[in-house]
Amino acid sequence: KAGVTQTPRYLIKTRGQQVTLSCSPISGHRSVSWYQQTPGQGLQFLFEYFSETQRNKGNFPGRFSGRQFSNSRSEMNVSTLELGDSALYLCASSLVQVGNEQYFGPGTRLTVT
Amino acid sequence: AQKVTQAQTEISVVEKEDVTLDCVYETRDTTYYLFWYKQPPSGELVFLIRRNSFDEQNEISGRYSWNFQKSTSSFNFTITASQVVDSAVYFCALSEDLLTGGGNKLTFGTGTQLKVEL
């Protein structure tokens, strides 16, 4: 089975711009979660989607949003980028049941200048 | 609120030494799940193990073993006869019951950087 894929792998944006990241889960996985990883804050949960609905949300400002499509693919969007948004954004997919292991993609490295 | 503590920021060992990575968690739920992930320099998080709160059996997988003790809220990870390829950052994580805001939300510890040298 193919693993979780994320595009693009690297991105450089300017403050104030917006960005959209994409994630394709493992086939058959219907839950997709997003995480932000920074040296200062570590790995932090952004949100989880299941059946095109946000099932859970972390403590991030409204500039961070996401969605899930009927084929379980997911996108996350960050509007009005700030320097502090520079991070590795990781997508993970899992089976629907709560507590299942999550499989992570390679991440998108976002740099905001 | 849930919390995961990995007090060891960095550990250096010589190849073939055994090493234990500590993980202490906090949760008010009776149903919860614990995980270990490995993050090599490439950056991708690799799933190692999952344990639910009702299963305190220790587990061994090759050179890896895990010790889950609810009495001390710990879920420690031991690598026996470490190898250079084990060098990575290791994360312990916790998820709680969906009804209490968990679901598939993972709360991670800060990670332990393991360096295995020849």
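The values are calculated or read from the model by the stated rules, or taken from the named source; none is laboratory data. A quick note: this is a predicted structure, and the numbers were derived from the prediction, not measured. Neighbour counts run over all protein chains shown; Cβ positions are idealised from the backbone, glycine included. We work out accessible area using only protein heavy atoms, side chains counted, and drop any ligands, DNA or RNA first. Shrake-Rupley method; radii C 1.70, N 1.55, O 1.52, S 1.80 Å.
Only residues that are farther than 16 Å from residue B:114 by Cα and part of a strand (DSSP E or B) were counted in segment B:46-64, giving 8.
Please determine whether any residue of segment B:53-64 is more than 13 Å from every other protein chain (Cβ to nearest Cβ) and touching a Leu at 6+ places or on another chain (Cβ under 9 Å). So far as segment B:53-64 goes, yes, one or more of its residues are more than 13 Å from every other protein chain (Cβ to nearest Cβ) and touching a Leu at 6+ places or on another chain (Cβ under 9 Å). Being outside any helix (DSSP H, G or I), more than 13 Å from chain B (Cβ to nearest Cβ) and open to solvent by 10 Å² or more (accessible area, probe 1.4 Å) is a description that applies to residue A:12. Scanning segment B:66-86 for residues that are of a type in the set (Gly, Ala, Ser), touching a residue at least 12 places away in the same chain (Cβ under 8 Å) and either touching a Lys or Arg at 6+ places or on another chain (Cβ under 6 Å) or open to solvent by 30 Å² or more (accessible area, probe 1.4 Å) (or both) returns B:73, B:81.
Show me the strands (runs of 3 or more DSSP E) found entirely inside segment B:2-45 where at least 3 residues are at the interface with another protein chain (Cβ under 10 Å from one of its Cβ atoms) and touching a residue at least 12 places away in the same chain (Cβ under 8 Å). Break it down into steps so the answer makes sense when it comes.
On the way: elements: B:3-5, B:10-14, B:19-21, B:24-26, B:32-39.
Once the strands (runs of 3 or more DSSP E) in segment B:2-45 are filtered for at least 3 residues that are at the interface with another protein chain (Cβ under 10 Å from one of its Cβ atoms) and touching a residue at least 12 places away in the same chain (Cβ under 8 Å), what remains is B:32-39.
If you go through segment A:17-28 and keep only what is open to solvent by 50 Å² or more (accessible area, probe 1.4 Å) and more than 11 Å from the chain's Cα centre (by Cα), you end up with A:17, A:18, A:27, A:28.
Of the residues A:32, A:78, the single one that is among the β-branched types (Val, Ile, Thr) and either within 10 Å of chain B (Cβ to nearest Cβ) or over 13 Å from the mean Cα position of the chain (by Cα) (or both) is A:32.
Are there strands (runs of 3 or more DSSP E) fully within segment A:29-113 with at least 1 residues that are open to solvent by 20 Å² or more (accessible area, probe 1.4 Å) and closer than 24 Å to residue B:94 by Cβ? List them. Before the answer, list the steps.
Numbers: elements: A:31-38, A:42-50, A:53-57, A:64-68, A:74-78, A:87-94, A:108-112.
Output list reads A:31-38, A:42-50, A:53-57, A:64-68.
Of all the residues in segment B:34-64, those that are open to solvent by less than 30 Å² (accessible area, probe 1.4 Å) and of a type outside the set (D, E, K, R) number 9.
Annotation for segment A:76-89: no member residue is of a type outside the set (Gly, Ala, Ser) and within 14 Å of residue A:31 (Cβ to Cβ).
Quick grid of which residues meet (1) touching a Gly at 6+ places or on another chain (Cβ under 9 Å); (2) of a type outside the set (A, V, I, L, M, F, W, C); (3) facing another protein chain (nearest Cβ under 10 Å); (4) in contact (Cβ under 8 Å) with a residue 60 or more places away in the chain:
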| site | (1), (2), (3), (4) |
| --- | --- |
| A:18 | no, yes, no, yes |
| A:27 | no, yes, no, no |
| A:52 | no, yes, no, no |
| A:86 | no, yes, no, no |
| A:95 | yes, no, yes, yes |
| A:105 | yes, yes, yes, yes |
| A:109 | yes, yes, yes, yes |
| A:113 | no, yes, no, yes |
